Amino acid sequence: MFDAALFYLRPHVIITDPMNIYVCVKHVPDSAATIRIVEPNQIDENITFLLNPYDENAVEAAVQLKADSDDTDVIAVTVGKPAAIDTLKSALAMGADRGIHVVTGYWPDSIVTARALQAAIIKDGLPDLILTGKAAIDSDGYQTQFRLAAALDIPVATHVGSIARNDNSVTVTCGLEAGGEQVIRMRMPCVIGTAKTLNTPRYPTLPDIIKARKKEIREVSIDHLAIEPPDSRMEIIALKSAVQKRRKQMIAGSIEESVTELIRRLKGEARIPLS
Amino acid sequence: MNKKYDAIIIGAGVIGCPISYELAKNGYKTLTVDKLADAGMGSTAASCAIVRAHYSTVDGVAMAYEGFKYWLDWENYLGNVKDEKGLARFMNTGSILLKSQGHDWRKVKSNYDVVGVDYEEWSVERIKEAVPVYDLHEFWPVRRPEDPKFFDPPTRMLEGAIFCPEGGYMSDPALSAHNIMRAAEAHGSEFLFNVEVVAVRDDGNRVTGITLKDGTQFDAPVVVNVAGPHSYKINQMAKGVWDGCNIKTKALRHEVMHVPSPEGYNYLEDGYHTSDGDVGCYYRPEVGNMFLIGSEDPKCDPQEWVDPDEFYAGKGGQGRDNQLTEAQYKAQSYRCARRVPDMQIPNQPRGVVDLYDCSDDWIPIYDKTDLPGFYLAIGSSGNQYKNAPVAGVLMAELIDKCEKGLDHDKEPLQFKLRHIGRTIDAGFFSRKREINYNSSFSVNG
Ligand SMILES: Cc1cc2nc3c(=O)[nH]c(=O)nc-3n(C[C@H](O)[C@H](O)[C@H](O)COP(=O)(O)OP(=O)(O)OC[C@H]3O[C@@H](n4cnc5c(N)ncnc54)[C@H](O)[C@@H]3O)c2cc1C
């Protein structure tokens, strides 16, 4: 199955000009929501869920690339429970052309998610670029993009802060741990994990949202994708809430002194990027 | 020996603080207690703090118009007191009431004429000139986005608007309560925070004081319930008070959204407070060039009555706790975006959720009770922030007159509004009244 995918993928890029950009998006709990753990490994899902904020950068990048070339199709793909359709609608309102929802009855691990994404994408068309956010804010796994690229046997770069498209390749800059950057050229198709610094995602307007209502969302059950069951799965055994400890810090001195000190602490300990 | 005061005020919100202030100015030795850490930290902190005159009753308009005069002259009202936190500011944006089927604006207009409110009638063209980002089609009836008809294209235009040049909002409602507390302290008022009232004591004839959770007791011949969304709980602590109220209060959950203004439009500097019954929303500028959007309680919106203790502890569950819900975020932001189509709607909801202390007819209760010495300034129903300074004067006068023998139930206090010179029958706010069907039964009062 993987080899067949390879066979389809490679020639496609060389002979075609129109681009298919697949953007993988995840339906995640709102970071502002109060998360309640109801069973050892479940959260109470009766909270606001939304398009993974990191994936907004991926959708934005795809929509900007589309603006540069007329003949580009941006397809948002998600794997998740029925409610995840709302996340596809958000991606469509931001400018994606259509959506694919791989419907599951549970939240799969990154092995199954990557295989489901791969199968859904291959079934749909021939990708030139696959974009994802650098991670999902719920599981923080940083895995799916790599597993998806491996499954498709194509290159992947993550933490991407700029994308330049050439004829059949892309040049990207990747942020490195120590603050450095790496410039990478990858043949298309390839997978790009977008960094927050790549762009500022647009906010849709109501007319965008209304237009998105008419866009196609194809639903396919994960059972109909006949993905190869993995030999082993990741299983979340227990979830524990983060204990937030508030510490009071007093800043003494004149107004000027205390403001300077406050800014220093915000920039330092709190790592808030103040200019 | 319990410490003694002339009056104890339960609740240091924007309504409790001016009552302490006015009583202190009249020579009362007051103690104001609050279970939170500072003045204005209760429902006042989440208030939209909009100051507008349109109400569905003449007395409602008169009270609000009188209130303006205090906000416009804030420093003088406070006796030029210093507050280390700074002073709240009145942002006089002017106030647009769109003429629509969602508001009985003809009644408002005639109330304005009776009270003498300064206003202009605006055509659609004039509104468009003032606020170019508004789409002035009619979208009535108010619907929620779950209803497919919500997205139907409009066919007709609105008629216009009533514009009040005086009107706007206070920059920081919690700070405004804090300012009033400092002014009250300057007249000898005492404030005690982080203390919870658990009992209202009486001697069989009249109120004698309060008991705190840690057992401390304070004595006073006058106790005033200004506990905001907890008002009904305090009423139930005072003998005979709950049963003696024909109008009851309870806590209603209300969500307020902050949504970015259209790109290139400076709503913060150039925008107006707007009441838009046509889409069931009110909106005003907010820091960060945001539209602050509240719901005008149209019929299609569910009413979520909650237990305030569960709500504030975040334990009520979805739609009953202090977290924004996706459904209401979409309802309010999409409705407002019908009027402001270029408004930017982030995927992530932003805003605040708090509680109205809602009365049966959405008109407040400023009154005595069946327990002598126990008074009520409750049922603010999402619309009494603007009246807080006036409520302070009214309550201080009512308390003083009743303590000196006035039978307010039989011969209601005739209350003179100092600035606009009108006298209103304070019986209008009686706990014994029948439900006032002139009310809009919404935040519009
Ligand atoms: C979301 C929202 C938006 C609003 N927008 C507007 C607006 O735009 N314009 C307008 O005019 N009005 C508005 N209002 C209404 C207005 O803000 C309120 O009427 C006003 O703030 C109420 O003030 P308060 O002092 O009665 O109540 P609060 O501010 O709630 O104060 C009551 C205090 O009592 C304390 N308390 C309660 N129980 C106890 C106890 N047992 N022991 C000790 N202390 C206790 C609480 O801690 C609290 O601090 C809005 C209200 C809300 C919730």
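Here's the yes/no breakdown for (1) closer than 15 Å to B:N225 by Cβ; (2) surrounded by 24 or more Cβ atoms within 10 Å (Cβ to Cβ); (3) within 11 Å of the ligand (Cβ to nearest atom); (4) not assigned by TED's automatic domain parsing to the domain that holds B:N205:
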{"residue": "B:R335", "(1), (2), (3), (4)": "no, yes, no, yes"}
{"residue": "B:P364", "(1), (2), (3), (4)": "yes, yes, yes, no"}
{"residue": "B:I378", "(1), (2), (3), (4)": "yes, yes, yes, no"}
{"residue": "B:K386", "(1), (2), (3), (4)": "no, yes, yes, no"}
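So which pairs qualify, if the first residue must be in the range A:216-231 and farther than 21 Å from A:V74 by Cα, the second must be modelled with pLDDT under 85 and in a loop (DSSP other than H, G, I, E, B), the Cβ gap must be under 7 Å, and the two must be at least 6 apart or on different chains?
A:E228/A:M1
Yes or no, residue by residue, for (1) surrounded by fewer than 19 Cβ atoms within 10 Å (Cβ to Cβ); (2) within 9 Å of the ligand (Cβ to nearest atom); (3) at pLDDT below 95:
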| position | (1), (2), (3) |
| --- | --- |
| B:Y5 | no, no, no |
| B:A24 | no, no, no |
| B:Y28 | no, no, no |
| B:A39 | no, yes, no |
| B:A53 | no, no, yes |
| B:K69 | yes, no, yes |
| B:Y77 | no, no, no |
| B:S95 | no, no, no |
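Would you say B:N289 is in contact (Cβ under 8 Å) with a residue 12 or more places away in the chain and more than 13 Å from the ligand (Cβ to nearest atom)? I'd like the intermediate steps shown before the answer.
Values: in contact (Cβ under 8 Å) with a residue 12 or more places away in the chain: yes; more than 13 Å from the ligand (Cβ to nearest atom): yes.
Considered against the rule, which asks whether it is in contact (Cβ under 8 Å) with a residue 12 or more places away in the chain and more than 13 Å from the ligand (Cβ to nearest atom), B:N289 comes out as yes.
In the set B:D357, B:D342, B:D309, which member is of a type in the set (D, E) and away from the ligand (no atom under 11 Å from the Cβ)?
Step by step, each of B:D357, B:D342, B:D309 is checked, and only B:D342 is of a type in the set (D, E) and away from the ligand (no atom under 11 Å from the Cβ).
Which residues, counting only those in the range A:216-275, are surrounded by 12 or more Cβ atoms within 10 Å (Cβ to Cβ), touching a Pro at 6+ places or on another chain (Cβ under 8 Å) and closer than 30 Å to A:A116 by Cβ?
The answer is A:I222, A:L239.
Among what's in the range A:55-82 and is more than 10 Å from chain B (Cβ to nearest Cβ) and farther than 24 Å from A:I122 by Cβ, pick the residue that is modelled with the lowest pLDDT.
Restricting to residues being more than 10 Å from chain B (Cβ to nearest Cβ) and farther than 24 Å from A:I122 by Cβ, the top hit is A:D70.
Can you tell me which residue is nearest to B:P153 (Cα to Cα) among those in the range B:296-350 that are assigned to a helix (DSSP H, G or I), among the aliphatic types (A, V, I, L, M) and within 10 Å of another protein chain (Cβ to nearest Cβ)?
Once the filter is applied, the top-ranked residue is B:A337.
If a residue must be within 14 Å of another protein chain (Cβ to nearest Cβ) and either among the hydroxyl-bearing types (S, T, Y) or crowded, with 18+ Cβ neighbours inside 10 Å (or both), how many such residues does the range A:172-207 contain?
Adding up the residues that qualify gives 7.
Could you look through the range B:197-215, keep only residues that are surrounded by 15 or more Cβ atoms within 10 Å (Cβ to Cβ) and charged (D, E, K, R), and pick out the one that is farthest from B:S231 (Cα to Cα)?
B:D202
Looking at this structure, is A:R218 in the same structural domain as A:G80 (by TED's automatic domain parsing) and touching a strand residue (DSSP E or B) at 6+ places or on another chain (Cβ under 8 Å)?
yes
So how many residues does the range B:258-269 have that are among the aliphatic types (A, V, I, L, M), more than 13 Å from chain A (Cβ to nearest Cβ) and surrounded by 23 or more Cβ atoms within 10 Å (Cβ to Cβ)?
The total comes to 0.
Is it true that B:E255 is within 14 Å of chain A (Cβ to nearest Cβ) and within 11 Å of the ligand (Cβ to nearest atom)?
Numbers: within 14 Å of chain A (Cβ to nearest Cβ): yes; within 11 Å of the ligand (Cβ to nearest atom): yes.
Judged against the criteria, B:E255 is a match.
Is it the case, given these coordinates, that A:V172 is within 16 Å of A:A58 (Cα to Cα) and touching a Lys or Arg at 6+ places or on another chain (Cβ under 9 Å)?
Answer is yes for this residue.
Among A:Q145, A:Q118, which is the only one that is touching a Gly at 6+ places or on another chain (Cβ under 7 Å), in a helix (DSSP H, G or I) and in contact (Cβ under 8 Å) with a residue 12 or more places away in the chain?
Exactly one residue qualifies, and that residue is A:Q145.
The values are calculated or read from the model by the stated rules, or taken from the named source; none is laboratory data. From a predicted model like this one, the values you see are computed outputs, not experimental measurements. When we count neighbours, we look across all protein chains shown, and the Cβ atoms used for this are built from the backbone with ideal geometry, even at glycine.
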